[in-house]
Amino acid sequence: MEDRVEELRRSFGQEEMDGYLVADQINIQYFTGFLGGTRLLIPKDGDCVLYAPTVNYEAAKEYVKDIEIEPIRIGDDVNSKVASQVKRWGLRLIGFDLIEASAYLKLREVIENADIEPANKLVSSLRRVKDKEEQRRIREASKLTSLGMKRAFESIKAGMKERELASEIEYAMRRNGSDGTAFDTIVVSGVRSAFPHGGCGDQVIANGDLVVIDIGAKYQSYCSDLTRTVVVGKTSPKHEDLYSIVLSAQDEAMRQIKPGVEARIVDAKARDLIKKHGYGEYFVHSLGHGVGLEVHELPTLSLKSEERLEVGNVVTVEPGIYIPGFGGIRIEDTVLVKEDGYERLTEAPYTLRV
């Protein structure tokens, strides 16, 4: 964690900053390993200060090392405490990541003789590339997610509700070591499978239904993401045709993944293939996103992305076709960008029939 703080400090000179305020809880966790802090103040030199509410103070003392911890008691104003520390250190220009508008206005009001400027890109650029420990945790999260999908394939049957299948998946992941889910489990069936983020509900899975299963486990705070689409019972020629197109689109995109490649090119390869088969208007989201402490991070695989892939990026590749009134198909894996290409971290059969 100390190395990450030093990496951030190395960027201060480019921005002429002498301090940085981390307010986003996930970013605080990235620098401290602890989820539950309110603010983290990082000076150009010397010790950092983590502000933690009293309900989390003892836990912070247990888990956070080499950082001063300041308790925030009931009635305390964390912004005023930050302002006092800024004054004591004599800071003049402080960058910050993500702060609510009301907190930002309060900081502007209470900080004297110093300026504060948005500089979230400094943190997001660090989080974009995963170090070896982060890769290990995502790899473990991916194994747990793959076990969840295995359970889905074993459990799914006509007559069960979407939420029943979701509970089987989540139990399997948790029982095998997951900290919880990386996001709300998605199990959508029948015409609901055309809703990319349809959640899961009381709809009963019927024979011949398309069922999109989108799941993710967390391991030591890091996420993974995996989607498969199946049909319970007999498939139709249209099911088979759409599935073949989406799988080919994922294969085409995967072949592009290596360091230095523009992220938009990876998206374009999958999108162009789907468009060539006449379903371009039904691919309604970007091809993929970064995965780490959050399930949606940089880099983004989209047509508007201006990023290039780097060694250590972890991204999803998830083309889909969603036809209202008929259903949808999505196939997704989490992959690590390596020097010689990529490593697929998630595993599950590529089959439409169960």
Across 20 Å bins from 0, what is the distribution of all Cα-Cα pair distances for the chain, in whole percents? 28, 49, 22, 1
Taking placed amide H atoms and a strict 5 Å upper bound, the residues 5 or more places from Glu70 or on another chain that come that close are Leu50, Tyr51, Ala52
Can you give the helix-only mean residue ellipticity at 222 nm for the chain, where every DSSP H stretch with n ≥ 4 adds -39500 (n - 2.57) and the sum goes over all residues, rounded to the nearest 500 deg cm²/dmol? -11500 deg cm²/dmol
Nearest 10 degrees is fine. How inclined is helix 263-276 to the longest principal axis of the chain, computing both from alpha carbons? 20
Summarise the long-distance tail of P(r) for the range 199-354 by giving the % of C-alpha pairs beyond 27 Å. 22
Least to most buried among Glu15, Glu294, by other C-beta atoms within 10 Å and fewest first, runs Glu15, Glu294
Of the convex hull enclosing the alpha-carbon atoms of the range 2-127, the direction-averaged projected area in nm² is 7.0
For an R0 of 41 angstrom, estimate the FRET efficiency from the Cβ-Cβ distance between Asp115 and Asp251 and round to the nearest 0.05. 0.20
Exposure-ranked with fewest Cβ neighbours within 10 Å first, Met173, Met149, Met1 stand as Met1, Met149, Met173
Against the longest principal axis of the chain, how steep is helix 101-110, in degrees 0 to 90 to the nearest 10, with axes from Cα atoms? 10
Order by protection proxy (mean Cβ within 10 Å, highest first), peptides 258-264, 102-108: 258-264, 102-108
Cα-Cα over 20 Å, subset of Lys218/Lys269; Lys143/Lys269; Lys157/Lys234: Lys218/Lys269; Lys143/Lys269
Name the long-range amide H neighbours of Gly201: under 5 Å, sequence gap of 5 or more, or other chain; modelled H, no Pro or chain starts. Glu162, Arg163
The range 254-328 to the range 80-108: how many Å between their Cα centroids? 37
Could you please report the charge total around Asn120, scoring K, R as +1 and D, E as -1 over all other residues with beta-carbon less than 14 angstrom from its beta-carbon? -4
Antiparallel DSSP bridges in the chain: what percent, to the nearest 5? 75
Can you compute the label reach from Lys338? Point 7 Å from Cα along the Cβ direction, backbone N cut-off under 19 Å, restricted to the range 118-134. 129-134
Quick one: if you stick a label point 7 Å off each Cα along the C-beta vector at Met1 and Glu154, how many nm between them? 3.7
Using only Cα atoms, tell me the angle between helix 78-89 and the longest principal axis of the chain; keep it within 0 to 90° and round to the nearest 10. 50
Using 0.36 nm per residue of separation minus the Cα-Cα distance, give me the extension gain between Ser124 and Glu68 in nm, one decimal. 17.8 nm
Would you kindly state how much longer the chain becomes between Lys234 and Lys275 on full extension, computed as 0.36 nm times their sequence separation minus their alpha carbon distance, in nm to one decimal? 12.1 nm
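Coordinate-derived values only; no laboratory data. Please read these numbers as outputs of a predicted model, since none were measured by experiment. Glycine gets a Cβ as well: all are built from the backbone with ideal geometry, and neighbour counts include every protein chain shown.
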